[in-house]
Protein chains: 2
Amino acid sequence: MLERLPGFRDFYPEDCARRDFIFRVWTEAARRHGFRRYDIPTLEPLELFTEKSGPEIVGQLFNFTDKGGREVALRPELTPSLARMVGARVATLKKPVKWFNIAENFRYEKPQEGRLRSHYQLNCDIFGEPGPAADAELMAVCLACLRGFGLGPEDFALRLSDRTLWSLLLEALGIAGDKAMEVLGIVDKFERTPREETLKRLEPHFGDAREDFLGQVETLMGLREIEEMGAFMRSLAPNAAIREKIEARLGMWRELLEALDAMDLTSFVRIDLGIVRGLAYYTGFVFEVFKLAPAGAGYVGRALAGGGRYDHLVGKLGFPATEAVGFGMGDVTMAQFLEEKKQLPPIIEAPDVYVVAAREGERRAALGLVSRLRAAGIRTEYALRAPGFGKQFRLAGQSGARLAVVVGTDELAAGNVRIKDLGSGGETLVPLAGAPGAARDALAGGIASA
Amino acid sequence: MLERLPGFRDFYPEDCARRDFIFRVWTEAARRHGFRRYDIPTLEPLELFTEKSGPEIVGQLFNFTDKGGREVALRPELTPSLARMVGARVATLKKPVKWFNIAENFRYEKPQEGRLRSHYQLNCDIFGEPGPAADAELMAVCLACLRGFGLGPEDFALRLSDRTLWSLLLEALGIAGDKAMEVLGIVDKFERTPREETLKRLEPHFGDAREDFLGQVETLMGLREIEEMGAFMRSLAPNAAIREKIEARLGMWRELLEALDAMDLTSFVRIDLGIVRGLAYYTGFVFEVFKLAPAGAGYVGRALAGGGRYDHLVGKLGFPATEAVGFGMGDVTMAQFLEEKKQLPPIIEAPDVYVVAAREGERRAALGLVSRLRAAGIRTEYALRAPGFGKQFRLAGQSGARLAVVVGTDELAAGNVRIKDLGSGGETLVPLAGAPGAARDALAGGIASA
């Protein structure tokens, strides 16, 4: 039982470099968009998660009673902790708050393709801005986190939906409150459920009108233009009050789409009310990003990212109400996607310089040079065990270093060392004292072969 | 109970930036020394830790039974998992293996000054090299991780000791095996224990000779030169076999000190057998790093770092025996130290560019420009809510951005935008299409005031 637990990963250096490459692209995209990194505890009070997601979530958690009798859980997600952090300082934080984080999340569930018990997730969130400009900004950074890998609109699409519009549809049909949430839950699973089964689930809510309702759902899900959606919604509205709400919401849609278009993101975005996102806490625009099958054959696999507006969560946790939008993007699905697309570059983790000492007598000078090269910021390796000269040269070549610095007997006697470009084969003799500077120049410009 | 748990930390962006600065200095030092990053699971089988440290450790762990009935624990340290990773691939990994990691560790203990229930630790380890060259290399990277903050030999010292020499002393006095481990445990606590109490603890092992033994311990701990230590050890050796072992070990010491001197590290290193490091698994040279009180007044506070040789651990976990040296360095004590020394720089997380749109009519062009600036790798901010021109300029100033790019009505009509250096006040008019390039140039060189 010294093996690691099922659903957890060891990261050997080559795995770690690949993971860190993904993290680096995400981090750079987030920073370019003005997001600042925060971090939260790995272990939290269990109640923080049940408060947001209900007691059902406990079945999916690594939870336990700690030695102080506290009910605690490894975080399954970041959002509740983040909402607490923002809520606790909401009066003094400058709005909009734009924060990001990359952190490990834990879920106790059956490990399967693309789903582990521990995975890393990027989260970007914006607090304190109610308008669609924040939604557009969030989608921009989400798309940049994929585009940073060299992926384009032929590779993935953002499916854009709206919980408010769904609520208005239900309101137009006279369905509200808890019942509306239940019906939305059925609609959410529509794509993955046989039609007959969906009809059966709708029966308690709609009775004989269930087929009509499902027809309306299918129509709405099939529309790809906001003005078409508007016309359809208007046709269902029973009174002027609801029509006004629909018009107001369409205004938000136009504002959002205009901002996305101004940022040249339209080619990535598909209006698609087929996305509902099950979680009860979403309140407005919601979206999911999927990879595209070749030749327009549709979406494949699990969502690469998902998010939306959740204006009620901070208030629900007992803090002043604060508007919020956010998304998450996981490392497991992303790494699979990048491998398929051959967008995971070979990760080279080689030293810049390998120092070779001719004989034991030059060992001391070589160690001193290693130390000075490193102090100059140069990644420097050498053979700890000091084998023969030829062996050291082979090790230098195998290390992937770009330069060898050779501390030879005769050269050292004259106060010099030899810098050899292991790519071109060119070499140059430089004073020992000036070797770090000369190595830096050679790394920048190379040394021509003689 | 939505508050975070005691001993855990929320990292607001300014805290996170400070923490990440420490991580960055560590990472750069490790990479300059040829170490590659790995990572391990946060949750591990409990047995992995009890196998290394004995069942006593359970009292200090966050451990529980998971939903699959497994006994598991949040990792209190990285070394056992690392030993498992190296052990599992020991036949194919190229030696020496030089790996580093920065990761969160968890201990259930009373939170106190410099000791939390969760802290981050840098670990650097070298596997597969038995000689003192590996110990010297490890100390070099450890010292570089402190020197990278601008700290020098007046700020901290590495206290260098040797478990092998302690074992030889005990062997010379006829003490071996479990009894030797128990006595070393007493010696380890000598500095923090009243002398009378130490004598009492030594009584079961030495009887009336306890005062003699303690005198020998005190003598050895007071020596600061390896040749003096050698003479003292020789004077206690009862036979030639032990004298030979002592001579062999002194040879290792000379080799180590010669390497440290060649790397110009002698000013940081103090020979000091007062360091024993309690953990049973150390087998050779051991060291701890302490901050220094001003004016040579000795060591203060908890160890900043500690480590040493542990050649038996990989084998003990059931893998082929593999030599190992490693150290750990924690973020909490390090951050305290850096604050005292005023070596934590103010962390500026400002955008490069703030885009200001004159009026709603310029909003579309401004958003397009924001998008292109970000695509060019420039950290770009703008007001999501598009307030008045003057307010936007104030926001630009408050953001800390170095440049404002102003999308003005008349300028835009002529296809231009204005780039303003918020430091010098200088500005320049550039074509909208070329604005990202012009902004990059202005960020590199500034714009002179008119």
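The values are calculated or read from the model by the stated rules, or taken from the named source; none is laboratory data. If you're wondering where the values come from, they're calculated on a predicted model, not measured in any experiment. Here the Cβ is made from the backbone with ideal geometry for all residues, glycine too, and neighbour counts use every protein chain on show. Heavy atoms of the whole protein, side chains included, go into the accessibility calculation; ligands, DNA and RNA do not. Shrake-Rupley method; radii C 1.70, N 1.55, O 1.52, S 1.80 Å.
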Looking only at residues in the stretch B:72-93 that are facing another protein chain (nearest Cβ under 8 Å) and charged (D, E, K, R), which one is nearest to residue A:384 (Cα to Cα)?
-> B:89
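Residue-by-condition table, conditions (1) under 22 Å from residue A:131 (Cβ atoms); (2) touching a His at 6+ places or on another chain (Cβ under 6 Å); (3) within 14 Å of another protein chain (Cβ to nearest Cβ); (4) surrounded by 17 or more Cβ atoms within 10 Å (Cβ to Cβ):
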| position | (1), (2), (3), (4) |
| --- | --- |
| A:223 | no, no, no, yes |
| A:229 | yes, no, no, yes |
| A:235 | no, no, no, no |
| A:239 | no, no, no, no |
| A:254 | yes, no, yes, no |
| A:259 | yes, no, yes, yes |
| A:265 | yes, no, yes, yes |
Consider residue B:341 against the criteria (1) open to solvent by less than 50 Å² (accessible area, probe 1.4 Å); (2) under 30 Å from residue B:300 (Cα atoms); (3) not acidic (Asp, Glu): it satisfies all of them except one. Which criterion is unmet?
-> (1)
Please go through the stretch B:6-21 and pick out each residue that is within 7 Å of chain A (Cβ to nearest Cβ) and not in a helix (DSSP H, G or I).
-> B:8, B:9, B:10, B:11, B:12
Just give me the residues in the stretch B:159-203 being basic (Lys, Arg), within 17 Å of residue B:218 (Cβ to Cβ) and at pLDDT below 90, in sequence order.
-> B:189, B:192
Residue hits (the stretch B:392-424; farther than 16 Å from residue B:443 by Cβ and among the small types (Gly, Ala, Ser)) are B:397, B:408, B:413, B:414, B:415
Report whether or not residue B:286 is free of Cβ contacts under 8 Å to residues at least 12 places away in the same chain, closer than 28 Å to residue B:118 by Cα and not in a helix (DSSP H, G or I).
-> no
Those residues that are open to solvent by less than 70 Å² (accessible area, probe 1.4 Å), of a type outside the set (Val, Ile, Thr) and closer than 26 Å to residue B:348 by Cβ, I need them from the stretch B:391-417; list them, please.
-> B:392, B:393, B:395, B:396, B:397, B:399, B:400, B:401, B:403, B:404
Members of the stretch B:348-374 found to be surrounded by fewer than 18 Cβ atoms within 10 Å (Cβ to Cβ), aliphatic (A, V, I, L, M) and more than 10 Å from chain A (Cβ to nearest Cβ), listed by number = B:348
For the stretch A:29-41, does any single residue satisfy the condition of being within 24 Å of residue A:280 (Cα to Cα), at pLDDT below 95, surrounded by 19 or more Cβ atoms within 10 Å (Cβ to Cβ) and touching a strand residue (DSSP E or B) at 6+ places or on another chain (Cβ under 9 Å)?
-> no
Kindly indicate whether residue A:24 is facing chain B (nearest Cβ under 7 Å) and either of a type outside the set (A, V, I, L, M) or open to solvent by 10 Å² or more (accessible area, probe 1.4 Å) (or both).
-> no
Say whether the condition of being within 14 Å of chain B (Cβ to nearest Cβ) and either part of a loop (DSSP other than H, G, I, E, B) or of a type outside the set (S, T, N, Q) (or both) is met by at least one residue in the stretch A:269-282.
-> yes
Filter the stretch B:27-45 down to residues that are in a strand (DSSP E or B) and more than 7 Å from every other protein chain (Cβ to nearest Cβ), then give me how many there are.
-> 0
Only one of (1) farther than 21 Å from residue A:167 by Cβ; (2) out of contact with any helix residue (DSSP H, G or I) (no Cβ under 9 Å at 6 or more places or on another chain); (3) touching a residue at least 12 places away in the same chain (Cβ under 8 Å); (4) open to solvent by 40 Å² or more (accessible area, probe 1.4 Å) is not met by residue A:211, so which one is it?
-> (2)
Output yes when any residue across the stretch B:410-418 is small (Gly, Ala, Ser), assigned to a helix (DSSP H, G or I), in the same structural domain as residue B:433 (by TED's automatic domain parsing) and modelled with pLDDT of 95 or more, and no when none is.
-> yes
For residues in the stretch A:81-117 being closer than 30 Å to residue A:300 by Cα and without any contact (Cβ under 8 Å) to a residue 12 or more places away in the chain, which is most open to solvent (accessible area, probe 1.4 Å)?
-> A:110
Under the condition of being in contact with a Lys or Arg (Cβ under 9 Å, 6 or more places away or on another chain) and β-branched (Val, Ile, Thr), which residue from the stretch B:349-374 is nearest to residue B:402 (Cα to Cα)?
-> B:353
Of the residues B:388, B:377, which is open to solvent by 40 Å² or more (accessible area, probe 1.4 Å) and at pLDDT below 95?
-> B:388
By residue number, the members of the stretch B:270-291 that are under 18 Å from the mean Cα position of the chain (by Cα) and open to solvent by less than 40 Å² (accessible area, probe 1.4 Å) are B:286, B:287, B:288, B:289, B:290, B:291
Would you be able to say whether some residue in the stretch B:117-133 is over 30 Å from residue B:4 (Cα atoms) and out of contact with any helix residue (DSSP H, G or I) (no Cβ under 9 Å at 6 or more places or on another chain)?
-> yes
Counting only residues that are over 30 Å from residue A:373 (Cα atoms) and either aliphatic (A, V, I, L, M) or open to solvent by 30 Å² or more (accessible area, probe 1.4 Å) (or both), the stretch B:1-21 contains a total of 9
Condition test on residue B:303, is it in a loop (DSSP other than H, G, I, E, B) and in the same structural domain as residue B:125 (by TED's automatic domain parsing)?
-> no
Residue within the stretch A:316-339 that is assigned to a loop (DSSP other than H, G, I, E, B) and either more than 32 Å from the chain's Cα centre (by Cα) or facing chain B (nearest Cβ under 8 Å) (or both) present | yes
Taking residue B:385, is it without any contact (Cβ under 8 Å) to a residue 12 or more places away in the chain and assigned to a helix (DSSP H, G or I)?
-> no
Answer with yes or no whether residue B:139 is on the phi < 0 side of the Ramachandran plot and within 15 Å of the chain's Cα centre (by Cα).
-> yes
Could you list, in sequence order, the residues of the stretch A:149-204 that are within 28 Å of residue A:335 (Cα to Cα), touching an Asp or Glu at 6+ places or on another chain (Cβ under 8 Å) and surrounded by fewer than 20 Cβ atoms within 10 Å (Cβ to Cβ)?
-> A:159
